[in-house]
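Colleague: Below is the structure I would like to discuss, written out as structure tokens.
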Amino acid sequence: MTTFDGLRALLTTLGLNEAEALLDSHLERAAKEERSYADFLADLMECEATVRKERGLQMRIRRARLPMVRRLSDFDLAFQPTIDRRQIRELQTLRFLHDQSNVIFLGPPGVGKTHLSIALVMEALGAGYSAYFVTAHDLVADLGRAAQQNRMDARMRVYLSPKLLVIDEMGYLPLDAVGATLFFQLISARYERGSVILTSNKSYGEWDSVLGDAVIATAVLDRLLHHSTTINIRGESYRLKERRKAGLLTPSQAEKAS
Ligand SMILES: Nc1ncnc2c1ncn2[C@@H]1O[C@H](COP(=O)(O)OP(=O)(O)OP(=O)(O)O)[C@@H](O)[C@H]1O
Ligand SMILES: [Mg+2]
């Protein structure tokens, strides 16, 4: 005869901790409601599965190192009429991840490039994919340190293994020659292996100066754009709108922003 404690120990041994914690209440309910054995077991296992799924999602969110949480549902598309809703809906299906295709958000400060990138990461994480977020500057600095310390392979794996890699803020700080080479190495290694979402305030024509080398810029863009969607946002900064609403802009700033 199986004792209650024996059964709990068995569930713990099998790593079914949620089922173990809920066993008492579920047994009681099953007895009261005269549930079938199958219903009892299905309920208990469903609780275990739900908790595991949520725990997995929270773990993937932590591992993605997002600077903030943003969702597509928080994004006011009406505020940015240059964004094609259909394109965003298409990206939301995550087919681009399946095709190892890239997404590039271009536009001036505050138009929602980082927001949309993070929102797509959240969609991907929710669907069970892994993702990692890094700024272009941090990425190149990290790879530079790794190269000096002979840890290049290990650090490269951090950026190559996630299904989705976000490289934010490409172009705010120009890269030096070593940085440009490392950036090229990474893009080349991820090419047709995993999707990249990249944001930049610079148009493609300006990437020569961002990377400091026309040949490298061409090679990077060639790989990045081969399978890709570019979303060019030409609009007002949402940050400015919020400051204006709060009455924090001087008259001349407000005029420039309108
Ligand atoms: N259309 C929008 N609807 C709701 N919130 C928005 C919208 N656009 C931007 N935001 C919010 O405004 C802030 C600035 O947006 P975000 O960081 O995405 O801008 P960005 O394009 O990445 O700018 P930068 O080039 O300066 O990094 C964020 O808090 C973001 O959530
Ligand atoms: Mg940004």
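The values are calculated or read from the model by the stated rules, or taken from the named source; none is laboratory data. It should be emphasised that the depicted structure is a prediction, and the values quoted were computed from it without experimental measurement. Glycine also receives a Cβ, built like all others from the backbone with ideal geometry; neighbour counts cover every protein chain displayed.
Colleague: Would you confirm whether any residue within the range 131-141 is at pLDDT 95 or above, within 30 Å of R89 (Cβ to Cβ) and among the aromatic types (F, W, Y)?
Modeller: yes
Colleague: Now, a different point. For residues in the range 92-117 being β-branched (V, I, T) and within 10 Å of ligand 1 (Cβ to nearest atom), which is nearest to the chain's Cα centre (by Cα)?
Modeller: T114
Colleague: Okay, next question. Of all residues in the range 184-204 being part of a loop (DSSP other than H, G, I, E, B) and over 16 Å from T218 (Cα atoms), which is nearest to ligand 2 (Cβ to nearest atom)?
Modeller: Result: N201.
Colleague: Can you find a residue that is more than 20 Å from A64 (Cβ to Cβ) and part of a loop (DSSP other than H, G, I, E, B) anywhere in the range 152-168?
Modeller: No.
Colleague: From the list M68, M156, exactly one residue is of a type outside the set (F, W, Y) and more than 16 Å from ligand 1 (Cβ to nearest atom). Which is it?
Modeller: M156
Colleague: Confirm whether E18 is under 29 Å from the mean Cα position of the chain (by Cα), in a helix (DSSP H, G or I), surrounded by fewer than 14 Cβ atoms within 10 Å (Cβ to Cβ) and modelled with pLDDT of 95 or more. Lay out the reasoning, then the answer.
Modeller: Working: under 29 Å from the mean Cα position of the chain (by Cα): yes; in a helix (DSSP H, G or I): yes; surrounded by fewer than 14 Cβ atoms within 10 Å (Cβ to Cβ): no; modelled with pLDDT of 95 or more: yes.
For E18, the condition - under 29 Å from the mean Cα position of the chain (by Cα), in a helix (DSSP H, G or I), surrounded by fewer than 14 Cβ atoms within 10 Å (Cβ to Cβ) and modelled with pLDDT of 95 or more - is not met.
Colleague: Shifting gears a bit: Does L120 satisfy being near ligand 1 (Cβ under 10 Å from one of its atoms), assigned by TED's automatic domain parsing to the domain that holds I233 and part of a helix (DSSP H, G or I)?
Modeller: For L120, the condition - near ligand 1 (Cβ under 10 Å from one of its atoms), assigned by TED's automatic domain parsing to the domain that holds I233 and part of a helix (DSSP H, G or I) - is not met.
Colleague: Something else: Can you tell me how many residues within the range 213-225 are exposed (fewer than 15 other Cβ atoms within 10 Å of the Cβ) and either at pLDDT below 95 or farther than 25 Å from D99 by Cα (or both)?
Modeller: 2
Colleague: Report, by residue number, each residue of the range 205-236 that is in a strand (DSSP E or B) and either farther than 23 Å from I118 by Cβ or among the small types (G, A, S) (or both). Explain how you work it out, then say what you get.
Modeller: Going residue by residue through the range 205-236, those that are in a strand (DSSP E or B) are 228-232.
Once the filter is applied, which keeps residues that are in a strand (DSSP E or B) and either farther than 23 Å from I118 by Cβ or among the small types (G, A, S) (or both), the range 205-236 yields only S228.
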